[in-house]
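Colleague: Sharing a structure here in structure tokens format.
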Amino acid sequence: MAQLRQDYSQFVARNIEVVVVGPENAQAFADYFAKESLPFIGLPDPTASVLKLYGQEVNLFKLGRMPAQVLIDKAGVARYVHYGHNMSDIPKNEELLALGDEINATADPEPTRPPDLETGDERYEPPESSQAACCLEPRRDAAGADFSSALHLDALRRHRRPVSDDRRRL
Amino acid sequence: MPRVSLNQTAPDFSLADPRGNTVSLTDFRGVKNVLLVFNRTFN
């Protein structure tokens, strides 16, 4: 837990809430969290209901519970599951933080979209005036051929394409 | 022992924190990622 506290701000930056579940009672949790100034959410589970639900291993020979970590994304899906086989079998913070980046990138793609793509939909809906100009004034290519109707059709086609299609294509 | 499977919805639970506030896993749904840490004993 000291290891997690060290990089706590990095977890916060990745929108990861650290929730610690243990078999101790509420008083033991309160005392330990105060003593160590732990910023996490601590949940005493004296009846081990959640510990059993999640299958935390108890090693009778070593007289203790094996550490376990589960990283759950915003959708509630377990994206990383680690069951320790001995007391020091704990994933590195870097590993968890990298996973956090990955989860944020896949589950919440909006913030990672480049800014020029965010206005992409507007680019395909030119203002009334420019549409009118495009249709009223015949435009000619080098050979003098009128291609304004082709342009107009193209604009219409783009205009009619559902927004979701644009996103998919981008 | 049941185990949580990767890429499956994690089982929901509700527990009271030391102050008596109930915390459920679903409280974080759509809001935050959660690193659930099953602790060995405090020492």
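Colleague: Can you find even one residue in region A:51-74 that is facing chain B (nearest Cβ under 9 Å), open to solvent by 60 Å² or more (accessible area, probe 1.4 Å) and modelled with pLDDT of 85 or more?
Modeller: Yes - at least one qualifying residue is present in region A:51-74.
Colleague: Another one. Looking at region A:7-28, is at least one residue without any contact (Cβ under 8 Å) to a residue 60 or more places away in the chain, among the aromatic types (Phe, Trp, Tyr), in contact with a Gly (Cβ under 8 Å, 6 or more places away or on another chain) and facing chain B (nearest Cβ under 9 Å)? Break it down into steps so the answer makes sense when it comes.
Modeller: From region A:7-28, those without any contact (Cβ under 8 Å) to a residue 60 or more places away in the chain are A:8-9, A:12-13, A:17-28; that's our starting set.
Within this subset, residues satisfying the condition of being among the aromatic types (Phe, Trp, Tyr) are A:8.
Now restrict to residues that are in contact with a Gly (Cβ under 8 Å, 6 or more places away or on another chain): none.
Within region A:7-28, none of the residues are without any contact (Cβ under 8 Å) to a residue 60 or more places away in the chain, among the aromatic types (Phe, Trp, Tyr), in contact with a Gly (Cβ under 8 Å, 6 or more places away or on another chain) and facing chain B (nearest Cβ under 9 Å).
Colleague: If you take the residues of region A:29-48 that are over 10 Å from residue B:18 (Cα atoms) and at the interface with chain B (Cβ under 7 Å from one of its Cβ atoms), which of them is most open to solvent (accessible area, probe 1.4 Å)?
Modeller: Selected residue: A:32.
The values are calculated or read from the model by the stated rules, or taken from the named source; none is laboratory data. Please read all numbers here as calculations on a predicted model, not as lab measurements. Note that we place each Cβ from the backbone using ideal geometry, even for glycine, and neighbour counts take in every protein chain shown. Each accessible area value is taken on the protein alone, full model and side chains, heavy atoms only, with ligands, DNA and RNA left out. Shrake-Rupley method; radii C 1.70, N 1.55, O 1.52, S 1.80 Å.
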